[in-house]
Amino acid sequence: MDGKTVLLTGVTGFVGSELARQLLEARAHLRCPVRCQLNSPRLSSLKRAFDTLPGTITFVDADIRSEDAIAQAAAGCEYVFHVASPFLITAEDPARDIVAPAVEGTASVLRGAARHKGNPLKRIVVTSSVCAIHDCNAKQEPRAGPGKPYTEEDWNGVSTVEAEPYWVSKVEAERLAWRLADELGLELVTVLPNFVMGPVVAPEAANGISVGFFRGFVEACNGADPRPPPSGSWVFTDVRDVAAAHVSAALTPAAAGRRYIVSQPRSLSARSVTDVLKATVPQLAHLPDGEAGSEEEKIDASRVVRELGLTYTPLENTLTDMAESLIKLGLAVPATATATAVAAQS
């Protein structure tokens, strides 16, 4: 990416900010459409987080649902990374607030970027999700048959707008991306992460569901005001792996027209999460044990390893690094630190 000019949507999000960091480390020139004021403290602070990196970043006032705005922003870009999409589980009007923005944004980004096809646009990489592979509770049978893992050949055909609007938004946006790529003659690659965890680049990129969810582990405690950790089992992936897969998807010639799942193969229970955090993060040695639960291997995420050369970050590192980054940035305060602060004020 050295010296390449690229368009990146969603730079203020969890995945987008990490992708920006990796692209800037690779000496790319980033152009990032945003809807907030260009002189806003949020963007100024995010830019400061990237100041020491060798690439350059420029924020552009543009609504990604405007084809003309994207066409203008994408002029001179060799690669487009479309990461932005609403990450909401519920909304007053799910079709309007979750599904429509995802679909409309994808359509305008591809159509706007297509005006520069080959001059100099080479490829578009779209962030989809494992939500486009299967439904929330994985009730849909894998295409390979019962008991087989889900793969890139699977598509979620059972989620509904009423019950799982975010899942529907990812299915419809990705399917539209493939239709438009065919119609417009674009080289397209999609990256499908599972539940994304890992370190946060800056506080300004930490407003999403992933960080809010993991804060529940870091701030869990016993005592007079007990706050148990989240309960359940989840399939995680590291934000750094997701970003690295995007970069490789753009640069690997044979990746054109391919989907790539980025995910750990097994689910992890709340008990396993707290076991890791208690053992690796000193500030969290006091954590109450999470609930034990099933840990199953449900997904085959090996294609990205075979074809793009991705090396997965060990899950223990993902959890530890995320906890430490939230604590360091003041985004989560362990219960022992809270108790110490209260005692000092009394």
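The values are calculated or read from the model by the stated rules, or taken from the named source; none is laboratory data. Quantities reported herein were computed from a predicted structural model and do not represent experimental measurements. Every residue, glycine among them, receives a Cβ derived from its backbone with ideal geometry; neighbour counts consider all protein chains shown. Just the protein is used for accessible areas: all its heavy atoms, side chains included, with ligands, DNA and RNA removed. Shrake-Rupley method; radii C 1.70, N 1.55, O 1.52, S 1.80 Å.
Cα-based count: Lys pairs in the chain below 27 Å, eight or more positions apart or different chains?
Number of lysine pairs found: 15.
Defining a contact as two alpha carbons under 8 Å apart and six or more residues distant in sequence, what relative contact order in percent does the stretch 86-217 show?
Worked out over the stretch 86-217, it gives 34 percent.
Under the Karplus relation 6.51 cos²θ - 1.76 cosθ + 1.60, θ = phi - 60°, what is the ordered set of whole-Hz ³J(HN,Hα) values for the stretch 50-66, x standing for Gly and Pro?
With the stated coefficients, the stretch 50-66 comes to 9, 4, 8, 8, x, x, 10, 9, 10, 8, 10, 6, 7, 8, 5, 8, 9 Hz.
Which percent of Cα pairs goes in each bin when the distances of the stretch 71-120 are cut into 5 angstrom slices starting at zero?
Using 5 Å bins, I get a P(r) of 4, 20, 25, 17, 12, 10, 7, 3, 0 for the stretch 71-120.
Semi-axes of the equivalent ellipsoid for the stretch 35-104, please: Cα gyration tensor eigenvalues, times 5, square-rooted, ordered largest first, whole Å.
Value: 26, 17, 12 Å, ordered largest first.
For the stretch 190-203, take each phi angle, set θ = phi - 60°, evaluate the Karplus expression 6.51 cos²θ - 1.76 cosθ + 1.60, and give the result in whole Hz per residue in order, putting x for glycine and proline.
Result, ordered by residue: 10, 10, 10, x, 8, 4, 7, 10, x, x, 9, 5, 7, x Hz.
Which of K139, K170, K278 ends up with the largest GNM mean-square fluctuation for the chain, with Cα atoms connected below 10 Å?
K139
For the chain, state the average projected area of the convex hull of the C-alpha atoms over all orientations, rounded to one decimal in nm².
Seen from a random direction, the Cα hull of the chain projects 18.3 nm² on average.
When only alpha-carbon atoms count, how far does the stretch 195-346 stretch along each of its three principal axes, as whole angstroms with the largest first?
Its Cα atoms span 64, 34, 22 Å along the three principal axes.
Pick from A173, A279, A323 the residue whose mean-square fluctuation is largest in a GNM of the chain, springs joining Cα atoms under 10 Å.
Highest fluctuation among the options: A279.
What angle do you read, to the nearest 10 degrees and between 0 and 90, between the alpha-carbon axis of helix 165-184 and the longest principal axis of the chain?
So the helix axis and the longest Cα principal axis differ by about 20 degrees.
Could you check how much of the accessible area of the stretch 225-272 is carbon and sulfur, as a whole percent, using a 1.4 Å probe?
Heavy-atom surface of the stretch 225-272 belonging to carbon and sulfur, 1.4 Å probe: 55 percent.
How much of the accessible area of the stretch 75-170, in percent, comes from carbon and sulfur atoms when a 1.4 Å probe is used?
Carbon and sulfur: 51 percent of the exposed surface of the stretch 75-170.
Regarding the stretch 94-229, what is the average projected area of its C-alpha convex hull, in nm²?
11.8
In a shell of Cβ-Cβ distance under 11 Å around E104, excluding E104 itself, what net charge do Lys and Arg (+1) and Asp and Glu (-1) give?
0
Which value, in Å², gives the accessible area per residue of the chain when a 1.4 Å probe is used on the protein heavy atoms?
Value returned for the chain: 43 Å² of accessible area per residue.
If I fit a long axis through the Cα atoms of helix 209-218 and take the longest principal axis of the Cα atoms of the chain, what angle between them do I get, 0 to 90°, rounded to 10?
Taking the Cα atoms of the chain, the angle to 209-218 is about 20 degrees.
For a quick check: with amide H placed at 1.01 Å from N, whose amide H comes under 5 Å from F59's, ignoring anything fewer than 5 positions away on the same chain?
Residues meeting the amide H criterion: C32.
Would you grab the residues whose amide H sits under 5 Å from the one on C221? Only those 5+ places off in sequence or on another chain, please, with H modelled 1.01 Å from N.
The answer is R227.
Could you work out how far the C-alpha centroid of the stretch 239-282 sits from that of the stretch 11-53, in angstrom?
With the stretch 239-282 and the stretch 11-53 each reduced to a Cα centre, they are spaced 21 Å.
Near T274, within a Cβ-to-Cβ distance under 12 Å, what is the net charge of the other residues, with Lys and Arg +1 and Asp and Glu -1?
Surrounding charge for T274 is -1.
Against the longest principal axis of the chain, how steep is helix 315-328, in degrees 0 to 90 to the nearest 10, with axes from Cα atoms?
80
Kindly state, as a whole number, the per residue volume in cubic angstrom of the convex hull around the alpha carbon atoms of the stretch 252-333.
So the per-residue Cα hull volume is 118 Å³.
Using amide H atoms built in the peptide plane, which far-off residues or other-chain residues are under 5 Å from R123 H to H?
V80
Once phi is turned into θ = phi - 60°, what whole-Hz ³J(HN,Hα) does the Karplus curve with 6.51, -1.76 and 1.60 give for every residue of the stretch 118-124, x standing for Gly and Pro?
x, 9, x, 4, 9, 7, 10
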